[in-house]
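Read through the structure below, which is laid out as structure tokens, and then see the notes.
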Amino acid sequence: MTIRDIARLSGCGVATVSRVLNNHPDVSPDTRRRVMAVVEEQGFQPNTNAKHLKQQAGATVAIIVKGIMNMLFSDLVERCQQLLRDAGRDTTVYYLDEDANEVAYALQLCREHKPLGILFLGGDLEYFQAEFAHIAIPCVLLTNSAKELDFANLSSVTTDDTAAAAQTIEFLAAKGHKNIGVLGGNWSCTQISYRRFQGCQQAFRQLGLPFDAKRSEPCRYSMADAYDTTKLLLGRCPDLTAIFCLSDVMAIGAIRSIHDLGLRVPEDFSVVGYDGISLSQFCVPRLTTVRQDTEQLAEQGVDLLLRSLERHSAPVHRVVPFQLIPGESVGAPRGA
């Protein structure tokens, strides 16, 4: 009888069962009772000696974070570390620039530090296609889908970015906006932001709204880059009345840029972000954003990695739900 058996019989996740057994407070009373009922019924006794030996061995799970300015990953890292710690796994976090080759870095880690497994937070599929075959340990990619790559040791959990972006454009159109710009990301077909850009293009076509290359501008996932790029985009397309930014960090930079141009949000200009980071609900105005479910991304990602580590499970590719959260940064077009 293992923790995974308890999880199966109780209908809970492995991480949840671990939190119950380790007496963590962040478990509902009903869930705790359900888990403990199975524990008592099965006469389960946690193997504390084995857990201690595992921790003493020093083998860790590596978490590779791509993009030091991406605040979404801050929430994910913290949650993943907690879940892995509850499962008796030590972690080491490595931060890379958003343009770095995360797979080449992972190969180096495998040679030098020999991690048990790797969680990739963000990733460029081009790098995976070229070099991941040389990695033999279990891995999970979060926030991008590795389904088409078909590697036996690579699972993934992501949001339906295409659908989320399309819904955002539809939301702005319903508010009366016809001239909408798109800001941010790298539009290579292997990048996360490409799927969001595709969703925008699909929505523009279906709604019959004008859109061409001049109404969009890529930029890095940073407030400073978004600040400068917003000025560039508005200078080129003064008829725009709204911008969809492909991250909340970019949206916050864009709002400051719009303010410094003498315009108000949302009275003169509307802005929507993407990610649903906590900061988006505390900036002024409160940001309208697409919320990615970081709790599910982390829990499902860690669960898939543990399954692969402990049971050599086949790869799984999952999509978690998103939510468009209306805030204060969207209004009717100026002059409407």
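Could you check Gly43 against (1) open to solvent by 70 Å² or more (accessible area, probe 1.4 Å); (2) modelled with pLDDT under 80; (3) out of contact with any helix residue (DSSP H, G or I) (no Cβ under 9 Å at 6 or more places or on another chain) and say which number it fails?
(1)
Any residue in the stretch 74-86 that's at negative phi: show its pairings with residues that are open to solvent by 10 Å² or more (accessible area, probe 1.4 Å) and assigned to a helix (DSSP H, G or I) at Cβ separation under 6 Å, as long as the two are six or more apart or on different chains.
Close Cβ pairs satisfying both conditions: Asp75/Thr294; Leu76/Thr294; Leu83/Ala15; Asp86/Ala15; Asp86/Arg19.
Yes/no per residue for (1) assigned to a strand (DSSP E or B); (2) loosely packed, with under 12 Cβ neighbours inside 10 Å; (3) at pLDDT below 80; (4) small (Gly, Ala, Ser):
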| site | (1), (2), (3), (4) |
| --- | --- |
| Arg8 | no, no, no, no |
| Ala37 | no, no, no, yes |
| Lys51 | no, no, yes, no |
| Lys54 | no, no, yes, no |
| Val61 | yes, no, no, no |
| Val65 | yes, no, no, no |
| Leu72 | no, no, no, no |
| Leu76 | no, no, no, no |
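Which residues, counting only those in the stretch 180-206, are in a helix (DSSP H, G or I) and aromatic (Phe, Trp, Tyr)?
Start the filter on the stretch 180-206 by keeping residues that are in a helix (DSSP H, G or I), which leaves 192-206.
Hits for the stretch 180-206 are Tyr194, Phe197, Phe204.
Could you tell me how many of the residues in the stretch 256-275 are touching a strand residue (DSSP E or B) at 6+ places or on another chain (Cβ under 8 Å), closer than 16 Å to Pro326 by Cβ and in contact (Cβ under 8 Å) with a residue 60 or more places away in the chain? Reasoning before the result, please.
If we filter the stretch 256-275 for residues that are touching a strand residue (DSSP E or B) at 6+ places or on another chain (Cβ under 8 Å), which is where we start, we get 258, 265, 269-275.
Filter again for closer than 16 Å to Pro326 by Cβ, leaving 265, 270-275.
After this cut, where a residue has to be in contact (Cβ under 8 Å) with a residue 60 or more places away in the chain as well, the list is 265, 270, 272, 274-275.
Of the residues in that region, 5 qualify.
Among the residues of the stretch 180-201, which ones are more than 23 Å from Pro315 (Cα to Cα) and open to solvent by 30 Å² or more (accessible area, probe 1.4 Å)? Explain how you work it out, then say what you get.
Of the stretch 180-201, the ones more than 23 Å from Pro315 (Cα to Cα) are 180-188, 193-194, 196-201.
Once the filter is applied, which keeps residues that are more than 23 Å from Pro315 (Cα to Cα) and open to solvent by 30 Å² or more (accessible area, probe 1.4 Å), the stretch 180-201 yields Asn186, Trp187, Ser188, Tyr194, Gln198, Gln201.
Quick check: is even one residue across the stretch 220-236 in contact with a Pro (Cβ under 9 Å, 6 or more places away or on another chain), part of a loop (DSSP other than H, G, I, E, B) and surrounded by 18 or more Cβ atoms within 10 Å (Cβ to Cβ)?
Of the stretch 220-236, the ones in contact with a Pro (Cβ under 9 Å, 6 or more places away or on another chain) are 229.
Cutting the leftovers down to part of a loop (DSSP other than H, G, I, E, B) gives us none.
Scanning the stretch 220-236 turns up no residue that is in contact with a Pro (Cβ under 9 Å, 6 or more places away or on another chain), part of a loop (DSSP other than H, G, I, E, B) and surrounded by 18 or more Cβ atoms within 10 Å (Cβ to Cβ).
Among residues belonging to the stretch 279-301 that are in contact with a helix residue (DSSP H, G or I) (Cβ under 7 Å, 6 or more places away or on another chain) and of a type in the set (S, T, N, Q), point out the one that is most open to solvent (accessible area, probe 1.4 Å). Can you show your working first?
Applying the first criterion (in contact with a helix residue (DSSP H, G or I) (Cβ under 7 Å, 6 or more places away or on another chain)) to the stretch 279-301 yields 279-280, 283, 287, 289-290, 292, 294-295, 297-299, 301.
Next, only the ones that are of a type in the set (S, T, N, Q) stay: 280, 289, 292, 294.
Numbers: Ser280: 1, Thr289: 1, Gln292: 5, Thr294: 31 Å².
For the stretch 279-301, the residue satisfying everything is Thr294.
Read through the list (1) surrounded by fewer than 20 Cβ atoms within 10 Å (Cβ to Cβ); (2) hydroxyl-bearing (Ser, Thr, Tyr); (3) part of a helix (DSSP H, G or I), then give the number of the only condition that Ser313 fails.
Every listed condition holds for Ser313 apart from (3).
Could you tell me which of the residues Arg334, Arg286 is at pLDDT below 95, of a type outside the set (Phe, Trp, Tyr), out of contact with any strand residue (DSSP E or B) (no Cβ under 6 Å at 6 or more places or on another chain) and at negative phi?
Numbers: Arg286 fails: at pLDDT below 95.
Residue meeting the stated conditions: Arg334.
Checking the conditions here, which among Arg311, Arg256, Arg318, Arg291 is within 30 Å of Pro115 (Cα to Cα), modelled with pLDDT of 95 or more and of a type in the set (Lys, Arg)?
On the way: Arg311 fails: modelled with pLDDT of 95 or more; Arg256 fails: within 30 Å of Pro115 (Cα to Cα); Arg291 fails: within 30 Å of Pro115 (Cα to Cα).
None of the other options fit; the residue is Arg318.
Which members of the stretch 82-101 meet the condition of being open to solvent by less than 20 Å² (accessible area, probe 1.4 Å) and of a type outside the set (A, V, I, L, M)?
Asp86, Gly88
What are the residues in the stretch 155-179 that are open to solvent by 10 Å² or more (accessible area, probe 1.4 Å) and part of a helix (DSSP H, G or I), if any?
Matches in the stretch 155-179: Thr162, Ala163, Ala166, Gln167, Glu170, Phe171, Ala173, Ala174.
All but one of (1) within 23 Å of Tyr221 (Cβ to Cβ); (2) more than 16 Å from the chain's Cα centre (by Cα); (3) not aromatic (Phe, Trp, Tyr) hold for Leu119; state the number of the condition that does not hold.
So Leu119 meets the others, but not (2).
Of all residues in the stretch 102-154 being touching a His at 6+ places or on another chain (Cβ under 7 Å) and not small (Gly, Ala, Ser), which is least open to solvent (accessible area, probe 1.4 Å)?
At the first step, the residues of the stretch 102-154 found to be touching a His at 6+ places or on another chain (Cβ under 7 Å) are 107, 145-147.
When the remaining residues are screened for being not small (Gly, Ala, Ser), the result is 107, 147.
Working: Leu107: 23, Lys147: 130 Å².
Looking at the filtered set, the residue picked out is Leu107.
The values are calculated or read from the model by the stated rules, or taken from the named source; none is laboratory data. Keep in mind it's a predicted model, so treat the numbers as computed, not measured. For neighbour counting, all protein chains shown are included, and Cβ atoms are generated from backbone atoms with ideal geometry for every residue, glycine included. For accessibility, only protein heavy atoms count, side chains too; no ligands or nucleic acids. Shrake-Rupley method; radii C 1.70, N 1.55, O 1.52, S 1.80 Å.
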